[in-house]
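Each value in this text was obtained by applying a stated rule to the coordinates, not by laboratory testing. Small disclaimer: the values here were computed from a predicted structure and weren't measured. When we count neighbours, we look across all protein chains shown, and the Cβ atoms used for this are built from the backbone with ideal geometry, even at glycine.
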Amino acid sequence: MSGVLWLAWNDVRLTARDKPAFLWLVVLPIAMMWFFGAIGGGSEQPLRLALDVLDQDQAWVARAFVGELREDTIDLQELAAPPPPGAPERRRLVVPAGFTAGVLSGERQVLRIEHVATGNLESNLAAQAHVIRAIARTIGRLAAAKVEGGATAERYRDVASRPALARLAVTTAGGGTPVPRGREQSVPGMLTMTVLMMTLIYGAVFLTIEKQSGMLRRQTLVPMSRGRVILAKLLGRLILAALQIGVLVAAGRLLFGVSWGRSPAGLALLLASYAIAVAGLATLLGAVVRNPAQASAVGWIIGMVLASIGGCWWPSEVMPGWMRAAAHVLPTAWAMEGFHGLISFGGGLTTVLVPAAVLLGFGGVYSLLAAKLLRV
Amino acid sequence: MGHLAVMVRKDLLRHWRSPLGPGLVLAFPLIFAGLIALTFGGNGGPPKVRLLVENRDDGLASRLALSALRDARMAQYFDVEEVAADAGLARIERGEASALLRIPAGFTDAILAGEPVTLELVRNPAERILPEIAEQSMTIGVEVLDAGVRALGPGLVGLRGAIAGDGWPSTETVAAIASAFQSSAQAVSELVFPPVIDLAVVRATGSEPEEPGSTFSTLFLIMLPGVAVWALFMVGDTGMRDLLTEARAGTLRRQLSAPLAVREIVAGKALATAALATISLALLACIGAFAARRPVDVVAFLTLSAALILAVTGFSAVVYGLARTERQGATLASIVLLVFAFLGGAFVPIDALPASLRLVSRLTPIAWGTIGYRSLLEHGAGLRGVLPSVLVLAGFGATLLVVGAWLLGRRAARGAAA
């Protein structure tokens, strides 16, 4: 057994001696956690939507409506005139001239919201929802004022000053610890992706180098059986994945404030199962590709595709139903499901039993295939 | 000139015989753009919000609220399922829904009495966008409910009395309730039937309205330029790396023993890289043209492409002029190009980047290439529209090519011993 361990550790040592390894295994994943977290709104501050308002009416209903738009989450700026051509594009809401007179006479008024063409879809939808809410509130208060004797500015203010009769209390299911917006997706997502990608690339590249140079054949002369050499290769990749996981879990906690849930045992089981699946896949890739260049290119593409379909880049909820279902033939989807159970719902060991069992199954299948296909 | 042609032909033939490397690099933009388009723009439309409702009231008002949620227009966005009290949370925790709406016991009574009432929405913490849509929609619904209760107040109070009483209400009571409702409805009809304020959504730039069912190709074409520009730089890297591969294999030494000047060898390698990038670009452009199904300005496209190829060649010349080994060069190129790709909008549109990164985005050639091709594809820009991208890429490429050629020449002269 010591021979297997020695050979496995030698693979890890070779990876560690590669100068850019630290960059690929540690720096890049952390940078990607930050990058995708920032895109997903991962700042300490709550998301503030930018909205410029051009009130071309300025009469009381228009002013009341603009007042309804003002909220802490909106960075609202009123424009005195349309911006000149060439000015930076910002999301803009236009209240047309004659708005107040039109509304009060029951003539349909159309507000126009102009999104920046390349703007963030989520922000655009949130801004639209915010404007629709303000419209509903304005109409509701106007209606109440009208029923009470007529829609006037004073009566509108009176209605608006009363406490709401209907309210919506919003809570979140489960006992997960809230984490900064965006990071709850990017940190586990990028961990899942980069551990897969880097173990695949490094694991497969070194295996192909050993195949090409005849090192692999020489290792069987140590003396060591073919099975033990393959076991050592699997173990080497498992240790590499485990080391990277350890560093990234710590970075997620310390740098990004992500709580990994309340169950260290559940987290350990999930991560260990994922590392086994990834190690098996890396060994399988190394067994089937012919040279380091192929290993690197295929590893990169497999990593990207499995990560995107598995829900590491974006929340799987946005994917079509068929794609969500199909994703469950991939280890990444099960890993993400386990992470959500632990982080978002604050689940325990039982939460990850199914994902971990499936990941171990993947690991077993990949390892068997690798053992069959690897030519020593 | 003949020597150059032979060298370029030899390099291209070698790549032709072993196409997997560049082929995989070129496949990546198509896979990436295709996956994004499939995820966000599949013909099935946006995913519906799966909303569970626990109706703990089961009175008139809650049943009306439920039927409003199941209205045909709401059904486009919501899959509403009524579940038994206390059953919803477990379903959410199994990931079977995006949100749970709890209508409290006594809801109808409170509405009819004009008393405050609180509905509860429980979000699925493992999801972000769909629960947000549910929350925003329910908030609007509650605003409407609040307005309705205020506007219909007198009628609702009468209705409550009629429902609470024993037996059938008298004709006078029914008439009074009907009259109260009618006068309220009449007063507000101009405001709410249909809503007097509407919202039109437009995009700020003058892009054409999207054709129905074209979301997949639109998204594919939005994502393709950035990731394709990045892939071309990666292909260029594969081409220029050959110089170091040949130095290692000893074939460079053999070439230098032929009557060839060092500058001819470097020029041959740069031309081979440019030719490889041109072929790759042509392949990607054919796929892009098939997806776009609309003409682009050919002169603008060719000028922009020539500038991009110059930039690709210049960049890879500098990288392999600086690197000591193939592995070092490949690592350096991968890192720099990955940083350029993330900053330059290859994977994420520039406007979606954090503000701090948007500032430095335009320092990368990938940003200029992406902006240029997106202008061509999305806005039908002509030569004038892509001129800034052309000038920046050409300037970047020419400068780097001069520096890179000098570095590579020095390496090739020495490099026979590498």
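Ratio of alpha-carbon Rg to the 2.2 N^0.38 Å globular estimate for the stretch A:49-161, to two decimals, please.
Details: Rg = 14.6 Å, N = 113, 2.2 N^0.38 = 13.3 Å.
Here the Cα radius of gyration is 1.10 times the empirical estimate.
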GNM on chain A, C-alpha springs below 10 Å: top fluctuator among A:Phe256, A:Phe345, A:Phe65? A:Phe65
Taking amide H positions as placed in the peptide plane 1.01 Å from N, state which residues far from A:Ala59 in sequence (5 or more) or on other chains have amide H under 5 Å from it. A:Thr100
Could you work out the relative contact order of chain B, using alpha carbon pairs under 8 angstrom and six or more residues apart, expressed as a whole percent? 18
Along each of its three principal axes, how wide is the spread of alpha-carbon positions in the stretch B:221-274, in whole angstrom units, largest first? 49, 19, 9
Peptide-level mean, for A:140-153, of C-beta atoms on other protein chains within 10 Å: 6
Leading residue at positive end of dipole, chain B (Cβ point charges), from B:Leu260, B:Gln182, B:Gly321: B:Leu260
For B:Val83, distant residues with modelled amide H under 5 Å away: B:Val53, B:Glu54, B:Asn55
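Per-residue ellipticity at 222 nm for chain A, helices alone: DSSP H runs ≥ 4 residues times -39500 (n - 2.57), over residue total, nearest 500 deg cm²/dmol?
That calculation yields -20000 deg cm²/dmol at 222 nm.
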Rg/Rh for the stretch B:15-85: what does it come to with C-alpha atoms and Rh from Kirkwood? 1.44
In vacuo Debye sum over C-alpha of the stretch A:158-270, base-10 log of normalised intensity I(q)/I(0) at q = 0.10, 0.11, 0.22 Å⁻¹, listed in q order, is -0.52, -0.59, -1.21
Cα-based Rg then Dmax for chain B, in Å, read 32.7, 115
For the protein assembly as shown, what's the radius of gyration and Dmax over Cα atoms, in angstrom? 31.5, 115
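Do you know the relative contact order of the stretch A:209-341, to the nearest whole percent, from alpha carbon pairs under 8 angstrom that are 6+ apart?
22
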Estimated FRET transfer efficiency (B:His3, B:Arg362; beta-carbon r; R0 35 Å; 0.05): 0.35
Phi angles of the stretch B:289-298, converted by Karplus (6.51 cos²θ - 1.76 cosθ + 1.60, θ = phi - 60°) into ³J(HN,Hα) in whole Hz with x for Gly and Pro, give 5, 5, 6, 6, 6, 8, x, 10, 5, 5
Residue by residue through the stretch B:235-250, the couplings from Karplus 6.51 cos²θ - 1.76 cosθ + 1.60 with θ = phi - 60°, in Hz, x for Gly and Pro, are 5, x, 4, 4, x, 6, 4, 3, 4, 6, 4, 5, 5, 5, 6, x
Spherically averaged projected area of the stretch B:262-391 from its Cα convex hull (nm²): 9.0
Exposed-loop-free span, longest in chain A, where GluC sites (Glu not before Pro) count as exposed if DSSP calls them loop and at most 12 other C-beta atoms lie within 10 Å: A:108-376
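Please report the projected area of the stretch A:187-235's Cα convex hull averaged over all directions, in nm².
Working: hull surface 14.4 nm².
That works out to 3.6 nm².
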Proximal charge balance of A:Arg108 [Cβ under 13 Å; K/R count +1, D/E count -1]: -3
Under the Karplus relation with 6.51, -1.76 and 1.60 and θ = phi - 60°, whole-Hz ³J(HN,Hα) for the stretch A:161-174, x at Gly and Pro, equal 7, 7, x, 5, 8, 10, 10, 10, 9, 10, 10, 10, 5, x
The base-10 log of I(q)/I(0) that the Debye equation returns for chain A at q = 0.14 Å⁻¹, one scatterer per C-alpha, is -1.10
Listed residues A:Ser123, B:Ala87, A:Val354: farthest to the positive end of the dipole of the protein assembly as shown (Cβ charges): A:Val354
Select from A:Ala169, A:Ala307, A:Ala129 the residue whose mean-square fluctuation is largest in a Gaussian network model of chain A (Cα-Cα springs shorter than 10 Å). A:Ala169
Highest-MSF residue in chain A out of A:Leu25, A:Leu79, A:Leu234 [GNM, Cα springs under 10 Å]: A:Leu79
What's the center-to-center distance, using Cα atoms, between the stretch A:336-376 and the stretch A:217-256 in Å? 16
One checks the Cα atoms of the stretch B:49-151 and finds Rg and Dmax, in Å, of 13.2, 41
Which cross-chain or sequence-distant (5 or more) residues have an amide H under 5 Å from the amide H of A:Thr220, H modelled 1.01 Å from N in plane? none
